[in-house]
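Working notes, structure below.
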Amino acid sequence: MINRRHIPESHSEHPNVVPLIDVMLCIIVFYMLAAKIGVTAGADDAINLPESLFGNKLELTNTLIINVTTINLSGQDVTRVTAAVDESGSGEPVAIEVDNPNTGPLAQALLRARYGQDRREGGTGINADNPKLSVVVRADAGRVKYRNLAPVLQAIAAAKIENINYNTRMKENQTVPTE
Amino acid sequence: MAKHYGAKNPARFESGPNMTPLVDVVMVILIFLMLVGSFATDQLFLQQKAGLLDVGSTAAKPPEPGEIPDEPIIVRVDPTGGGGFVVRADDIQATTGDVLYPQMKQRFETLTSIGKTSDKITVVIQPNGEIGYGQLIEVYEAILKAGFEKVSFATAK
């Protein structure tokens, strides 16, 4: 009599979970590689960005995010600027005064980001220049007026930062620009 | 799996280590990553390729005969009653970005048809101080969509 080989019957009390674990580990590895966690360092999520259809995607590398909004002080709207310019390098946005657009705290912080600790062109190490530094301006669509934004733009220009991007959000129910 | 035989004990199989705690931990990690991670974002970036310009400055030297001067196109944005705005540039006038876009596109096509390249054409937006940032972006986007590359903002009003 030929002894046919066949799959032995499973007599285990529990279902075989090994394939389930394999699939779940694959999914976990996928999420770990593809998902972005904590990438938007320095961005103030409370800001209501304006909508747009046109625009590019941008990799936020070598980028300084400047958040511009206003707060009500004694019945007046005062410009509030935050940016991740803390010298400790924590990446958390801190409030910074604009004051004089060419020499104020914001201008000095931008010069330090652009030209290093000495805030002058040239240098190595901590004084090394960063010519490819990009600035992303995140301003509140409903609260910020141009008179609030202009000094910030002047400070950026005073620091000779050439790559400026304005952060917007895609209009809902739109995926491609309309003609 | 080891199979044990005995005279009185029936055949039994060892099922191996208990996988249940491993499955629990893996599911918790998976749910954490699903909630915290983000993939496609709805954020866009409008790039500015020209620096701030002082509208009051004049050209350094007069253009050569036959040379088309690189005068910037000044686009003024002023507020109107009711929270709206009006955009004016030479013979162009619009109150929304959708109305501004075809006029600016026609202007761009006119300039490129006479030999001007996009890197030679500068547009300077001169907004009133009370113009909202959302309105400003609407105008900026319309001008960029029309094909202009060098679009900047004015320092002086």
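Structural remarks
- Mean per-residue shielding of peptide A:144-154 is 6, counting Cβ atoms of other chains within 10 Å of each Cβ.
- Residues whose placed amide H lies under 5 Å from that of B:Ile73, excluding near-sequence neighbours: B:Thr122, B:Val123, B:Val124
- Local electrostatic count at A:Ile47 - Lys and Arg +1, Asp and Glu -1, tallied over other residues with Cβ under 11 Å: +1
- Peptide B:23-29 has a mean shielding of 3, counted as Cβ atoms of other protein chains within 10 Å of each residue's Cβ.
- Listed peptides A:62-71, B:140-149, A:97-106 by packing density, highest first (mean Cβ within 10 Å): B:140-149, A:62-71, A:97-106
- Likely footprinting exposure, A:Lys57, A:Lys145, fewest C-beta neighbours within 10 Å first: A:Lys57, A:Lys145
- Cα→Cβ-extended label distance, 7 Å offset, between A:Glu97 and B:Gln93, nm: 4.5
- Per-residue Cβ neighbour counts within 10 Å put B:Asp42, B:Asp78 in the sequence B:Asp42, B:Asp78, beginning with the fewest.
- For the range B:23-33, Karplus couplings with θ = phi - 60° (6.51, -1.76, 1.60), whole Hz, Gly/Pro x: 4, 4, 5, 5, 5, 5, 4, 5, 5, 4, 5
- Neighbour-limited loop hits for trypsin sites (Lys or Arg not before Pro), the range A:103-133 (at most 16 other Cβ within 10 Å; DSSP other than H, G, I, E, B): A:Arg120, A:Lys132
- Local electrostatic count, A:Glu172, Cβ distance below 13 Å [Lys/Arg +1, Asp/Glu -1]: 0
- In sequence order, the range A:42-47 has phi-based couplings of x, 8, 8, 6, 6, 6 Hz under the Karplus curve 6.51 cos²θ - 1.76 cosθ + 1.60, θ = phi - 60°, and Gly or Pro positions carry x.
Computed from the coordinates by the stated procedures, all read-outs in this text should not be read as laboratory data. Given the structure is predicted, the values throughout are model-derived calculations rather than measurements. Neighbour counts run over all protein chains shown; Cβ positions are idealised from the backbone, glycine included.
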